[in-house]
1. Going by the conditions given, is A:Gln81 without any contact (Cβ under 8 Å) to a residue 12 or more places away in the chain and of a type in the set (S, T, N, Q)?
2. List the pairs whose first member sits in the stretch B:14-38 and is touching a residue at least 40 places away in the same chain (Cβ under 8 Å) and closer than 12 Å to B:Ile75 by Cβ, whose second member is part of a strand (DSSP E or B) and of a type in the set (Phe, Trp, Tyr), and whose Cβ atoms are under 6 Å apart, counting only residues at least 6 apart or on separate chains?
3. Being over 30 Å from B:Gly52 (Cβ atoms), within 14 Å of another protein chain (Cβ to nearest Cβ), surrounded by fewer than 21 Cβ atoms within 10 Å (Cβ to Cβ) and not hydroxyl-bearing (Ser, Thr, Tyr) is the filter here, so list the residues in the stretch A:57-107 that pass it.
4. Need at least 1 residues that are of a type in the set (A, V, I, L, M) and over 26 Å from B:Tyr34 (Cα atoms) per element, so show me which strands (runs of 3 or more DSSP E) inside the stretch A:60-101 make the cut, counting only ones lying wholly within it.
5. Filter the stretch B:87-100 down to residues that are over 17 Å from A:Gly41 (Cβ atoms) and either surrounded by 20 or more Cβ atoms within 10 Å (Cβ to Cβ) or touching a strand residue (DSSP E or B) at 6+ places or on another chain (Cβ under 6 Å) (or both), then give me how many there are.
6. Scan the stretch A:10-47 residue by residue and report those that are over 30 Å from B:Thr10 (Cβ atoms) and either without any contact (Cβ under 8 Å) to a residue 40 or more places away in the chain or assigned to a loop (DSSP other than H, G, I, E, B) (or both).
7. Which pairs turn up if I take residues in the stretch B:1-12 that are farther than 16 Å from B:Leu76 by Cα and look for partners that are part of a loop (DSSP other than H, G, I, E, B) with beta carbon separation below 8 Å, at least 6 apart in sequence or on another chain?
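Taken together, the values in this text are just the output of simple stated rules run on the coordinates, not laboratory data. If you're wondering where the values come from, they're calculated on a predicted model, not measured in any experiment. Here the Cβ positions follow ideal geometry from the backbone for every residue, glycine too, while neighbour counts run over all protein chains shown.
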Amino acid sequence: GESVGLHLPTLSVQEGDNSIINCAYSNSASDYFIWYKQESGKGPQFIIDIRSNMDKRQGQRVTVLLNKTVKHLSLQIAATQPGDSAVYFCAEKETSGSRLTFGEGTQLTVNP
Amino acid sequence: SQTIHQWPATLVQPVGSPLSLECTVEGTSNPNLYWYRQAAGRGLQLLFYSVGIGQISSEVPQNLSASRPQDRQFILSSKKLLLSDSGFYLCAWSVWDSGVYGYTFGSGTRLTVV
């Protein structure tokens, strides 16, 4: 469910390192997952998505991994850059629905 | 192309004053529409969603209301603002288009109640 009352967990990495942001989901009926990036003062922006019939999908510098057995989703960012500093949200959608359920978000800080 | 417009970008309102935030969508028809609120350093809280004109579902009982007078217009309102209504308000739409699911956010409105 939504953890809107909690402070966001944080991840701090050095520029050039790879980043891994994790997300646990609870609904085994979810068939579609999205990662969003939210920069300060802006709305969340779509990064990458994956359907439940896949376990890996790659984009430009980003890879999403889905482990349905343990209901775990991860976002890997290669060669992290200062512009990657933002809050990252995972989201899941049920097969029968159209609404997304968002994770708590992770604040990624990239140190130069 | 499909776009979502949300305004104003920032708003400072006194306690007890009314509120009206507007969101419009272009390039799609019969979208589902959503209003979220986000406190500083927090996650996304779903306030209202709508599956059609005049159809509003409230997720959290509070000082706010929503209306959908047209297919691609979603309005968030309050008759009397409270200090606790301050936050970042986001509109979003979702739609199935040729078998592809899309869920897009607007740019947000920063509301400060003083």
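1. Criteria not met by A:Gln81.
2. Partner pairs satisfying both residue conditions: B:Leu21/B:Tyr89; B:Cys23/B:Phe74; B:Leu33/B:Phe74; B:Leu33/B:Trp93; B:Trp35/B:Phe48.
3. A:Gln107
4. Filter on the stretch A:60-101 gives A:62-67, A:72-77.
5. 3
6. Passing the criteria: A:Glu15, A:Gly16, A:Asp17, A:Asn18, A:Tyr25, A:Ser26, A:Asn27, A:Ser28, A:Ala29.
7. Correct list of pairs: B:Ser1/B:Gly27; B:Gln2/B:Gly27; B:Gln2/B:Thr28; B:Thr3/B:Gly27.
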